[in-house]
Amino acid sequence: MAYGFVIMSYIDVLDIEEAEPTSAIKLHGPEGFAGMRKAGRLAAEVLDMLAPHVVPGVTTIELDRLAYDFVKARGAVPATIFYRGYSHSLCISVNHVVCHGIPGSRKLQAGDIANIDVTVVVDGWHGDTSRMFTVGDVGVKAKRLVDVTYECLMRGIAAAKPGATLGDVGHAIQSYAEAQRCSVVRDFCGHGLGRVFHDAPNVVHVGRPGRGVVLKPGMFFTIEPMINLGRADVKVLDDGWTAVTRDRSLSAQFEHSVGITEDGCEIFTASPTGLDRPPYF
């Protein structure tokens, strides 16, 4: 789940024991990696399960209910329910919605693109991921935007390794997106996570090489670039959640939860069945 630049506390209304967010970046050991693998796998399995249901005519609230039932049946909980007043298991952001789209009665239509963002809590650990879904046949520009955004994510992940900086990660994303004549949203960023939903560090998706926080083994965070076909400017609607492009251009996003290892970066939320990018079937 994308988040802004101010780290906020996660109110524990679901009886989940969670550490407090702080400005200090936490370094995790083997127990943390094991916990994040379990949480990340379940989050990825939610999106795998939803893939055949993202079709013309389905409502976004139907997809939300499917996700809720799937997570609860596996003894876990959706992290977003009651988070700062939010009441759904997913964020579903369609077409020009950048992030935090609220599930409702809207029916998906052929040609739509939609980001589905899910965070689950398994044994106190948070697995946070999102993918783009294409609904029926989509236009060339929309498909290209989805492909560019996925490549931005993977370039950011490739840059995340011990001794590199968050500026290296942001630069890898920004330089590719802008070379493809797309823009990178600045208003929202990735974030640290683990036993805390949103924690330090902030992971901005633009940057300069060699600048910013130096990455160390044991750091956990999300990389979740939001890429627009038009300008980078966004606005939040009156519901207090839904962020849209100001110029109503299409927006896309992919997200993985990752951990810095001794020699690279581990993706916790990779699809167990290989459904990491559309087309899924």
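For Val98, the residues whose modelled amide H falls within less than 5 Å of its own, excluding neighbours fewer than 5 places apart on the same chain, are Ala243, Val244, Thr245. Among the protein heavy atoms, those of Ile61 account for about 30 Å² of accessible surface (1.4 Å probe, every chain in place).
Computed from backbone phi, the HN-Hα couplings of the range 265-281 come to 9, 9, 8, 7, 10, 5, 5, x, 10, x, 8, 8, 8, x, x, 8, 9 Hz, rounded to whole numbers (Karplus: 6.51 cos²θ - 1.76 cosθ + 1.60, θ = phi - 60°; Gly and Pro given as x). Shape class of the range 155-226 from the Cα gyration tensor (axes a ≥ b ≥ c, square roots of the eigenvalues): oblate, since a/c reaches 1.5 or more and a/b does not exceed b/c.
Per the Kirkwood formula applied to alpha carbons, the range 48-102 shows a radius of gyration over Rh ratio, Rg over Rh, of 0.97. The translational diffusion coefficient of the range 62-175, from Stokes-Einstein at 25 °C and 0.890 mPa s with a Kirkwood hydrodynamic radius over alpha carbon pairs, comes to 154 µm²/s. Measuring nothing but how far apart in sequence close Cα pairs (under 8 Å, 6+ apart) lie, relative to its length, the range 217-268 scores a relative contact order of 43 percent.
Charge tally for Asn115 (other residues, Cβ to Cβ under 10 Å; Lys, Arg +1; Asp, Glu -1): -2.
Residues in the range 249-280 near a label at Asp187, defined as backbone nitrogen under 16 Å from the 7 Å Cα→Cβ point? Zone members listed by number: 249-253. Residue-wise HN-Hα couplings along the range 243-257, as the Karplus relation 6.51 cos²θ - 1.76 cosθ + 1.60 with θ = phi - 60° gives them from phi, are 9, 10, 6, 5, 8, 6, 6, 5, 10, 9, 8, 10, 9, 10, 8 Hz; Gly and Pro carry x.
Taking a sphere under 13 Å around the Cβ of His171 and counting the other residues whose Cβ falls inside, with K and R at +1 and D and E at -1, yields a net charge of +1. Stretched out straight at 0.36 nm per residue, the stretch from Lys72 to Arg231 would grow longer than its current Cα-Cα span by 53.3 nm. The trypsin sites (Lys or Arg not before Pro) of the range 111-220 that meet both conditions, a loop assignment by DSSP and at most 13 other Cβ atoms within 10 Å of the site Cβ, are Arg181, Arg211.
Projecting the Cα positions of Cys152, Ile102, Thr222 onto the charge dipole of the chain (unit charges on Cβ atoms of Lys, Arg, Asp and Glu, taken about the Cα centre) puts Cys152 furthest along the positive direction. For the chain, the equivalent ellipsoid built from the Cα gyration tensor has semi-axes of 25, 23, 17 Å, listed from largest to smallest. The GluC sites (Glu not before Pro) found in the range 238-281 that occupy coil by DSSP, while having at most 14 further C-beta atoms within 10 Å, are Glu262. Taking amide H positions as modeled 1.01 Å from N, with prolines and chain starts lacking one, the residues under 5 Å from Ser257 and 5 or more places away or on another chain are Asp128, Phe268, Thr269. Please give me, ordered by residue number, the trypsin sites (Lys or Arg not before Pro) of the range 63-94 that lie in loop per DSSP and have at most 16 other Cβ atoms within 10 Å. Within the range 63-94, the qualifying trypsin sites (Lys or Arg not before Pro) (loop, at most 16 other Cβ atoms within 10 Å) are Arg74.
On a C-alpha basis, how far is the centre of the range 221-281 from the centre of the range 153-212 in Å? Whole number, if you could? If we compute the Cα centre of each part, the gap is 11 Å. Around the amide H of Val213, modelled in the peptide plane, lie the amide H atoms of Leu166, Gly167, all under 5 Å away and 5 or more residues distant in sequence or on another chain.
The relative contact order of the chain, computed from alpha carbon pairs under 8 Å that lie at least 6 residues apart in sequence, is 24 percent.
Given charges of +1 on the Cβ of Lys and Arg and -1 on the Cβ of Asp and Glu, with all other atoms neutral, how large is the dipole of the chain about its Cα centre, in debye to the nearest 20?
Computed charge dipole of the chain: roughly 740 debye.
Taken about its Cα centre, the range 95-233 carries a charge dipole of roughly 280 debye when the Cβ of each Lys and Arg holds +1 and the Cβ of each Asp and Glu holds -1.
The values are calculated or read from the model by the stated rules, or taken from the named source; none is laboratory data. Source: prediction; values computed, not measured. No Cβ is skipped: glycine too gets one built from the backbone with ideal geometry, and neighbour counts run over all protein chains shown. These area figures cover heavy atoms from the full protein model, side chains too; ligands, DNA and RNA do not enter into them. Shrake-Rupley method; radii C 1.70, N 1.55, O 1.52, S 1.80 Å.
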